[in-house]
Amino acid sequence: MSEDQCIELLGRWEGYRIGKVGRRGSNGEKPVKAWIELLPVAGQPMRCSGCGRFVSAVHEVWQRWIRDLPLLDAETWLLVHRRRVSCPRCGPKLEWLSWLGRYSRVTRRLAESVARMCMVLPVKHVADFFGLGWDAVKAIDKAALQEKLEPVDLSDIEQVLMDEFAIQKGHRYATVVVEPTLKRVLWVGRGRSREDVRPFFDLLGEEGCSRLKAVGMDMNAAYELEVKLWCPQAEIVYDLFHVVAKYGREVIDRVRVDESNRLRRDKPARRVVKSSRWLLLRNRSSLPQDERIRLRELLQANRRLMTVYVLRDDLKHLWDYRYPAAARRFWKGWYSRAVRSRIQPLKRFAQRLKPYLEGILAHCRWSLSTGLLEGMNNKIKVIKRMAYGFRDDAYFFLKIRAAFPGITG
């Protein structure tokens, strides 16, 4: 086997043969760059890139430099004599090649290698590894993701979860929609208003909206109103995580600050209450033994903090019920205790939570929790940090969908 035949075997440039071969640079100074001239093989049938038909007439031939995978650790360039065919149906069109896209400046296998590496490394690192420009690598990866992920299949969606995540500083958010059974991201869009989430329901279509049975979310009025507009038959399901987090912000934090202010003259006691924020907000089961002792002593010394802490733990039990009637009875008892507590932040929270009761009790019929989305949001933050942020929303959202393709098999 000759040297050219060996290179052709490694290259697999179907329909082309090797002309001249050369190199630039030396091992001691700059990286070695190999270049290979590729000439079309005469007499072989050509395919139109427009309609796919085999044609025999050549309209014109010109030269184009193409990057390929490194050959024997040398940066490889191809000088391709590219043909345009004369198609009776389409007119002058580029010849279809299995190893090169219509207007691509890199071979398909190099693009595939770049896209695979972009799954685990930032664009900048991949660009440095292959010696390509940052914009070129991003364009390759974005095109590969679009080909792989779009269009999204929404034909059998009956339940979804909706949540927001911070996309930039300054209270700028995006919305993510997830199919909970397969843990698959269906859609991501910038913003969290009604207008911002409406494209998802447009994508779902009239038939898809009528098929939707339940939507899990936090107490976001924009999400709720848009779901009721497009899917009036779907039940709204409020999850434990966001209700308890809201209780921590509006009740426990407020009462702790009030008690700290009340103890202004008793500095040791004030210091203990003021520094107890995370002690009160964390679950008792996740506290180490010494922290549990501190918590017990704090609650024994402060009746108001004891009341709001106990009622928070009791509120969590509402999500343990599987029968709506039993859950409703439990709620009535909890609400009565909260209102009679004479603790204003707790009373306000209970009164504000009451209109959302039907959505809370809907968990008895639909086991939906946005806790799944909170875990996804953490991974989204990692993706954003790896890239030092994204300037292209469409690319960022494709990366998110690729990170959560769903459970298969």
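FYI, it's all coordinate maths here, none of it is from the lab. All values derive from a computational prediction rather than experimental measurement. Methodologically, a virtual Cβ is constructed for each residue, glycine included, from the backbone with ideal geometry; neighbour enumeration extends over all protein chains shown.
Brief remarks on what is shown
- The range 248-324: C-alpha gyration tensor shape, a/c 1.5 cut-off, then a/b vs b/c: prolate
- For the range 40-106, the share of alpha carbon pairs falling in successive 5 Å distance bins from zero is 4, 17, 26, 22, 16, 8, 5, 2, 0 percent.
- Dipole moment magnitude, nearest 20 debye, the range 213-328 about Cα centre, only Lys, Arg, Asp, Glu C-beta charged: 780 debye
- Between Asp313 and Glu14, the FRET efficiency estimated from the beta carbon spacing at R0 = 60 angstrom works out to 0.30.
- Helix screen, the chain: no DSSP H segment has Cα axial length of 27 Å or more and mean Kyte-Doolittle hydropathy at least -0.5.
- Alpha-carbon centroid distance for the pair the range 374-409 / the range 157-175, whole angstrom: 12 Å
- A straight chain from Gln289 to Asn377 at 0.36 nm per residue would run longer than the Cα-Cα distance by 28.6 nm.
- Förster radius 45 Å - calculated FRET efficiency between Arg249 and Leu72, Cβ distance, rounded to 0.05: 0.15
- Longest DSSP-loop-exposure-free segment, chymotrypsin sites (Phe, Trp or Tyr not before Pro), the chain, at most 15 other Cβ within 10 Å: 104-387
- Over the chain, the alpha carbon radius of gyration divided by the compact-protein estimate 2.2 N^0.38 Å works out to 1.43.
- Cα-Cα P(r), the range 163-258, percent of pairs per 5 Å interval: 2, 12, 19, 24, 19, 10, 7, 4, 2, 1, 0
- Between Arg282 and Lys183, the C-beta separation translates, for a Förster distance of 30 Å, into a calculated FRET efficiency of about 0.70.
- Fluctuation leader among Val237, Val255, Val137 - the chain, Gaussian network, Cα springs under 10 angstrom: Val255
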